Amino acid sequence: MIELYAQCYYPSYTGYQSTDYPPNKFIKCLKGAAVNGYAHVVDIDGIAREISQTHRATAFSIFGKWAAQKIASLGLHNLTLVPIPSSSHVDTRADFTALKLCRAINQAGNDAFEILPCLTQREAVQGSSKGGSRKFVDIRDNLVCHQGLHGKTVVMVDDVVTSGNHMKACATVLRNNGAAVGHGMAAARTIWERPDNMWAVPMENIDWDATGCAFDFDL
């Protein structure tokens, strides 16, 4: 089982209202996508901070402080942060969004964490938003772990979780390489219907069946 914590919901529906724009722009800032206009996001200190095309670093700071505080509240120590690779991430030397998120957490946590970008894709694939597979087995079999992880307690870090199968597949590969993996941190959880509060995402248990294979949410 993995305990998944997400900072906000990512709206995946039409007919946006005013409350939908801040998380949308927040995620676009983190992903490096074009951001039109600006929005205000409340930091953990209660201050509403502006995020925009020219204030992307603020979005990373907001996430980093939230995630570092969440990790501290869970009583987790001596952790290794493993960024979940994007669908095109095949080079261990390349930078990518989840790795930047790990750095933001570490900065907020006064460099208390080890960051280990040990996972890549075997070959670049299409992201799920462009028609790529969301099936657990397909994702798992395309992942490569480049380092043994025996004795390490890992927290996985991702930008947006949709089906959950990407995180489950990464957890399986990490565990097969010796890591203890029980938690995941994400900037957002995709949602298809508007919630009461875009910034109040409950913890979600991602489970396995008796054979050790992850359940698919959307077969």
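No lab work stands behind these numbers, since they all come straight from the coordinates. None of the values given here were measured: they were computed from a predicted structure. Virtual Cβ from ideal backbone geometry, glycine too; neighbours counted across all protein chains shown.
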Check your understanding: According to the Cα gyration tensor, what semi-axes, each the square root of 5 times an eigenvalue, does the equivalent ellipsoid of the stretch 43-82 have, listed from largest to smallest in whole Å?
Key -> 24, 13, 4
**Study point:** the chain - Kirkwood radius from inverse mean 1/r over Cα pairs (Å)
**Key:** 17.6
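Expressed in nm², what is the orientationally averaged projection area of the convex hull enclosing the Cα positions of the stretch 134-183?
Averaging across all directions leaves 3.4 nm² for the Cα convex hull.
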Check your understanding: If you look at just the Cα atoms of the stretch 1-59, how large are its Rg and its Dmax in Å?
Key -> 12.2, 40
Practice item. Specify which residue in the list Gln121, Gln69, Ala57 is farthest towards the positive end of the charge dipole of the stretch 33-132, using unit charges on the beta carbon of Lys, Arg (+1) and Asp, Glu (-1), about the Cα centre. Key: Gln121
Practice item. Can you put His150, His55, His166 in order of Cβ neighbours within 10 angstrom, beginning with the fewest? Key: His150, His55, His166
**Study point:** Sites excluded, GluC sites (Glu not before Pro) in DSSP loops with at most 10 other C-beta within 10 Å, longest stretch of the chain
**Key:** 1-122
Revision key, fill the gap. Amide H neighbours of His183 at under 5 Å, excluding residues fewer than 5 places away on the same chain, with H built from the backbone geometry, are Glu3, Met156
Check your understanding: In terms of modelled amide H atoms, which long-range or inter-chain residues lie less than 5 Å from the amide H of Leu143?
Key -> Arg122
Review point. Taking only DSSP H segments of four or more residues, each worth -39500 (n - 2.57), what value at 222 nm results for the chain once the sum is divided by all its residues, to the nearest 500 deg cm²/dmol?
Key: -8500 deg cm²/dmol
Review point. Using Cα pairs under 8 angstrom and six or more residues apart, how large is the relative contact order of the chain, in percent?
Key: 30
Check your understanding: About its Cα centre, how strong a charge dipole does the chain have in debye, to the nearest 20, once Lys and Arg get +1 and Asp and Glu get -1 at the Cβ?
Key -> 400
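Of the beta bridges DSSP finds with both residues in the chain, what % are antiparallel, to the nearest 5?
On the way: 12 of 35 bridges.
That works out to approximately 35 percent antiparallel.
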Exercise for review: Could you list the square roots of 5 times each eigenvalue of the Cα gyration tensor of the stretch 25-146, that is, the equivalent ellipsoid semi-axes, sorted largest first and rounded to whole Å?
Suggested key: 27, 20, 12
Exercise for review: Would you work out which of Asn205, Gly15, Ala104 lies farthest towards the positive end of the dipole of the chain, given +1 charges on the beta-carbon of Lys and Arg and -1 on that of Asp and Glu, about the Cα centre?
Suggested key: Ala104
